[in-house]
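Scroll down for the structure; my scribbles are underneath it.
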Amino acid sequence: MRFIIVLLVVVFNNYTCHSQTVTKGNIHFSTYYGIPLTQLYITGISSNGPIGARIEYCNKEKSSIGLEYSYKNQVINSINKPMFGNPENQWGNFTYTRMVHSITIHKNYFLYNENSLNVTFTAGVGYNFISKSYTLEDEDDSDPFVGRGLFVDVLQPIAVKLRFTSNYYFTKNFGASLSIGVGQGGLVNGGLVYKLNN
């Protein structure tokens, strides 16, 4: 809730920025655990992650650049379930496992940066290293997702992200982060952030 309030305040104040929480030359390291978007629209799916880490360097007063790595492992179990509610397109019986390692570079733009709180908008692009396996009821069957229009692999191997992130510092160097968006990092993720220098 505080994140939303702060973001609205910033918007209605023409994005007036201050440089008290993060200043030019700062280096930040953060880790997180997230909830993937696929959890919302596919039943029978379980996920580990995304789990990620990023390092960022504040190269300008109102922006920073960064590098991020993330991992997620998704398992879909289906027992004669129709795909997206269509009884004419049965998935059949299978277990489908998909592992994704993602590496991206990104740029942060500070929307709010005062006292113990900063809010950023992030845009990034990179590469997905994807591996997948499946166990089928009929050994003669092929990949259950081929030709079925499931978009999870359509953009492979491109990794992208568009995110709003809020970092709140409990001490001068240590704090917590909350992020919402699309692409790498899942729908929502939260974790810890540490300022390596002052």
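Read-outs: derived from the displayed coordinates by stated rules, not from any lab. Just so we're clear, the structure is a prediction, and the values are computed from it rather than from any experiment. Glycine also receives a Cβ, built like all others from the backbone with ideal geometry; neighbour counts cover every protein chain displayed.
Calculate one ³J(HN,Hα) per residue across the stretch 117-124 by plugging θ = phi - 60° into the Karplus curve 6.51 cos²θ - 1.76 cosθ + 1.60, and present them in order as whole Hz with x for glycine and proline.
10, 9, 10, 10, 10, 10, 10, x
Among 172, 107, what is the fewest-to-most ranking by other Cβ atoms within 10 Å?
Fewest-to-most Cβ neighbours within 10 Å comes out as 172, 107.
Applying the Karplus parametrisation 6.51 cos²θ - 1.76 cosθ + 1.60 with θ = phi - 60° to the phi angles of the stretch 101-110, what ³J(HN,Hα) value in whole Hz is obtained for each residue in order, glycine and proline being reported as x?
Rounded to whole hertz, the list is 9, 10, 10, 9, 10, 8, 10, 9, 10, 6.
Tell me, what ³J(HN,Hα) does each residue in the stretch 188-194 have, in order and in whole Hz, if you take phi through Karplus 6.51 cos²θ - 1.76 cosθ + 1.60 with θ = phi - 60° and put x for Gly and Pro?
Ordered by residue, 3J(HN,Hα) equals 9, 9, x, x, 10, 10, 9 Hz.
Which of 169, 194 has the fewest other C-beta atoms within 10 Å, and how do the rest follow up to the most?
Lowest to highest Cβ neighbour count: 194, 169.
Please list the non-local residues whose amide H lies under 5 Å from the amide H of residue 187, H modeled 1.01 Å from N, same-chain partners needing a gap of 5 or more.
When sequence neighbours closer than 5 places are left aside, the close amide H contacts are 35, 37.
Straight-line reach from residue 161: which lysines have a Cα under 18 Å away, not including same-chain ones fewer than 8 places off?
Within the straight-line limit of under 18 Å, residue 161 reaches these lysines: 72, 107.
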